[in-house]
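The values are calculated or read from the model by the stated rules, or taken from the named source; none is laboratory data. Every value quoted in this text rests on a predicted model; they were computed, and no experiment measured them. Cβ placement follows ideal geometry from the backbone for every residue including glycine, while neighbour counts extend to all protein chains displayed. In case anyone asks, the SASA skips ligands and DNA or RNA and just uses the protein heavy atoms, side chains included. Shrake-Rupley method; radii C 1.70, N 1.55, O 1.52, S 1.80 Å.
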Amino acid sequence: MSDTPPDRLASNPSSPYYDADVLERGVGIVFNGVEKTNVDEYCISEGWIRVTAGKAVDRKGNPMTIKLQGVVAPYWRNDNAEEA
């Protein structure tokens with residue numbers, strides 16, 4: 001597994017950017033200097049994250065998201081995952 005998190009990652013299994021192995025290892029996001037825990041998707045090269053918008057859902061039952069622009073800095077939460 002790579003030492004750097006992927007450029008783009010989504011937590012929604014229907015997204016083409018979903019990667020179960022990476023999500024299992026654990027990726028944390030620092031956005032504009034603040035750690036975010038409700039990130040649904042991120043892209044480092046384009047500089048945005050999608051966060052859930054409260055309890056609102058769309059007509060298919062998926063959570064509504066808001067796209068925020070800024071500095072995205074992902075990091076590995078569990079560095080010992082490779083050793084296990």
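What the table below lists for this structure:
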{"quantity": "Cβ-derived FRET efficiency at R0 25 Å, SER15 paired with GLU46, nearest 0.05", "calculated": "0.95"}
{"quantity": "The chain, accessible area per residue, ligands and nucleic acids excluded (1.4 Å, Å²)", "calculated": "67"}
{"quantity": "Computed accessible area, LEU68, all protein chains, 1.4 angstrom probe, square angstrom", "calculated": "60"}
{"quantity": "Nearest-0.05 FRET efficiency for ALA56 and ASP3, computed from C-beta distance (R0 30 Å)", "calculated": "0.25"}
{"quantity": "Top of ASN12, ASN62, ASN38 by mean-square fluctuation, Gaussian network on the chain, Cα under 10 Å", "calculated": "ASN62"}
{"quantity": "ASN32-ASN78 pseudo-label distance in nm [points 7 Å out on the Cα-to-Cβ vector]", "calculated": "3.1"}
{"quantity": "Residue among GLY54, GLY28, LEU68 farthest towards the positive dipole end of the chain, charges placed on Cβ", "calculated": "GLY54"}
{"quantity": "Global form of the range 1-58, assessed from the alpha-carbon gyration tensor, a/c cut-off 1.5", "calculated": "oblate"}
{"quantity": "Cα centre as origin, Lys/Arg/Asp/Glu Cβ charges: the chain dipole, Debye", "calculated": "620"}
{"quantity": "Value at 222 nm in deg cm²/dmol, rounded to 500, when DSSP H runs of n ≥ 4 in the chain each add -39,500 (n - 2.57)", "calculated": "-1500 deg cm²/dmol"}
{"quantity": "Accessible surface of the chain, 1.4 Å probe, proportion on carbon and sulfur as whole %", "calculated": "48"}
{"quantity": "Sequence-distant residues sharing a close amide H with VAL27 (under 5 Å, placed H)", "calculated": "ARG77"}
